[in-house]
Amino acid sequence: MADARFEDADEGPLWLGAADGEDLKVLASLVQDAVFPITDMTFARSRREFAILLNRFRWEDRAAAEAAERPYERVRAMLLVRDVQAVRSQGIDRSDRDTILSLLDITFEPGVDGTGRLILTLAGDGAIALEVETLDVALRDVTRPYTAPSGKMPDHGA
């Protein structure tokens, strides 16, 4: 079954930006079920940038993979948030360097004058809240796609 959100998807590396709530919904749908080691996220306070190097499921390729009866794919991608004033986390043991986090959703709670809070919801009741001056989020694939280790699509038990 084709997914209308990705009918016009380019076969090249994904590179998207989000500057408003609608853009963020598209970006969030592409990083749903992305996984990353806790060591692959960083806050560069002096540059006011928060970045995560993640392994994302290629949702935009799902229908083509099913039609061709080939394995599903993942790709390494960089999620970059600019104009970050502060970062807070809950439900994450930052002392355990072997922790693997799973990103479920990204939402934006607007504040006044364009400021707001970007919430990265993680599996296991974890969350990362970014206080931002403006909504400025970018997602860019940084490797070629590879076969998902399980060969399966993420399953939410539904």
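The values are calculated or read from the model by the stated rules, or taken from the named source; none is laboratory data. All figures in this text were calculated on a predicted structure; none of them were measured in a lab. Heads up, the Cβs are rebuilt from the backbone with ideal geometry, glycines too, and the neighbour counts pull from every protein chain shown. Surface accessibility is based on the protein's heavy atoms, side chains included, excluding ligands, DNA and RNA. Shrake-Rupley method; radii C 1.70, N 1.55, O 1.52, S 1.80 Å.
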Please specify each residue of segment 122-156 satisfying the condition of being open to solvent by less than 70 Å² (accessible area, probe 1.4 Å) and without any contact (Cβ under 8 Å) to a residue 24 or more places away in the chain. ALA123
Mind listing just one residue for me: the one in segment 55-69 that is at negative phi and part of a loop (DSSP other than H, G, I, E, B) and, of those, most open to solvent (accessible area, probe 1.4 Å)? ALA68
Quick check, is ILE106 touching a helix residue (DSSP H, G or I) at 6+ places or on another chain (Cβ under 8 Å), among the β-branched types (Val, Ile, Thr) and outside any loop (DSSP other than H, G, I, E, B)? yes
For the condition in a loop (DSSP other than H, G, I, E, B) and open to solvent by less than 50 Å² (accessible area, probe 1.4 Å), what is the one hit in ILE92, ILE119, ILE52? ILE92
Can you tell me which of (1) more than 14 Å from THR42 (Cα to Cα); (2) at pLDDT 95 or above; (3) of a type outside the set (S, T, N, Q) is the one LEU135 doesn't meet? (2)
Flag for ALA28 being without any contact (Cβ under 8 Å) to a residue 24 or more places away in the chain, part of a helix (DSSP H, G or I) and open to solvent by less than 60 Å² (accessible area, probe 1.4 Å): no
Scanning segment 31-45 for residues that are among the hydrophobic types (A, V, I, L, M, F, W, C) and outside any strand (DSSP E or B), which turns out surrounded by the fewest Cβ atoms within 10 Å (Cβ to Cβ)? ILE38
